[in-house]
1. Please list the non-local residues whose amide H lies under 5 Å from the amide H of residue 191, H modeled 1.01 Å from N, same-chain partners needing a gap of 5 or more.
2. Round to the nearest 10 and give me the degree value, 0 to 90, for the angle of helix 27-47's Cα axis relative to the longest principal axis of the chain.
3. Would you calculate the separation in nanometres between label points at residue 198 and residue 318, each defined as 7 Å from the Cα along the Cα-to-beta-carbon direction?
4. Helix 100-115 versus the longest principal axis of the chain: what is the Cα-based angle in degrees, 0 to 90, to the nearest 10?
5. Note the angle between two axes, namely the Cα long axis of helix 346-358 and the longest principal axis of the Cα atoms of the chain, as a number of degrees from 0 to 90, rounded to the nearest 10.
6. What area, in nm² and to one decimal, does the C-alpha convex hull of the stretch 7-113 cast on average over all directions?
7. In the stretch 34-124, which trypsin sites (Lys or Arg not before Pro) are in a loop and have at most 10 other Cβ atoms within 10 Å, using DSSP for the loop call?
8. With 22 Å as the limit, write out which pairs from 201/318; 172/337; 144/201; 273/318; 118/201 have Cα-Cα distances beyond it, or answer none.
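What follows is calculated from the coordinates using simple rules that are stated; it is not laboratory data. On a predicted model such as this, the values are computed, not experimentally measured, just so you know. Cβ coordinates were reconstructed from backbone atoms using ideal geometry, including for glycine residues, and neighbour counts include every protein chain displayed.
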Amino acid sequence: MSDNLETCIEPYLPAFERTYAAENYTARTIITYRCRARKFGALLDQAGIAPSSVTLDCIEALMREVPRARKNTIRLDTIARRLVQHLIDIGVAQPVPFTEAEIARAALLTDFETYLVKQRGLSPRSIPHTVGFARRFLDYRFGKTMPDTACLRPADAISFMEHVLISARRDKTVATHVRIFLQYLFGCGATATNLALSVPKVAKVWGARLPRHLSPEGVEAVLACVRDNPRHGARDYAMLLLMARLGLRAAEVIAIQLGDIDWRSGELTVRGKGKLHDRLPITVEVGDALSTYLREERGPTTCRTMFVTHRAPHRPFKDGQIVNAILKDALKATGQKPVTPYVGSHLLRHSLATRLVNTGASLDEVGDVLRHRARSSTMIYARLDIDGLRLVAQPWPVAGGAQ
């Protein structure tokens, strides 16, 4: 398709392009997005849809006749959604009015979110997950109809749990989120009984396994592989190094702000679980990695979050999945096969704890490094203290020795 093709959205393209320029997208990327926007405009012309009549709902129907984009290319529907939203924002198109059921559901979820903030005191990272499961539960039970919470029964909660856990049997947090929502419904009088009591517990059979970890050589191989990445090795190396050396969680790494680092005193403020903030010393190795990333690789942005996306507009990461992806690619590149198919960022945290135990650190010292609030969280590493276990192990009974 020619770049000079005139379509119905042509008068609105300059302002649309400026929204990308304001977010530090490169000129080459903006040209690519302009071509995508014009292609979507041609689809609107073929369907006889004027810009004033376009809605977000019609995008899916228009995309059915478009071939799927190649891997690692910008999808046409992605640009189309942003263009339609831009037309709505500037008043050219009109948003689709909400139905009464959608309004009632939004009001219920808004009140639930307020409850989580003011009464439960959940962290900003936990609230979207809990609200998300509440939304999924309402969608599963009521679909697009008006949510009638008074008719909810224990079987509804159990059925939803079975539906979700078909693909996530290991995730015990699902039951926690659902219980919180059902407790809220009971507390505000939306249900006659506390349905949270009917939500079954998720079996935790994997707790009997040893913590997944890498050898010290394996950890160094992963770090070296990530550091040598020519595109964004400095960022990925600094992120993994924080977990491998200081034991940070993935969510704690992506939550670091520029102001959390005190370069003079060599300390890092960690925004941990339960809104707890801890101060950890920054080693020379970690400090060099962070400064290298800031000087050489962090894109131009006003965002105060330390680690941002490599591509414009250089936003913070939504969650810790980016760390899981980096680690998984590094393991594959170094030829290391994890003991289980699932590879999470806690692999480096477990590896640090395992190394501390094997070098003679006590469980209290390991708990201090990992910032555990309960000693039971550290006890899983007692099974890795082979020398200590030999001291308490009873000798194997020989023939005739057993009574």
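1. So residue 191 has HN proximity to 186.
2. 50
3. Taking the simple label geometry, residue 198 and residue 318 are separated by 3.2 nm.
4. The angle comes out at about 40 degrees.
5. Result, in degrees: 10.
6. Projected over every direction and averaged, the Cα hull of the stretch 7-113 covers 8.8 nm².
7. When the trypsin sites (Lys or Arg not before Pro) of the stretch 34-124 are filtered for loop state and at most 10 Cβ neighbours within 10 Å, 64, 68, 70, 71 remain.
8. The answer is 201/318; 172/337; 144/201; 118/201.
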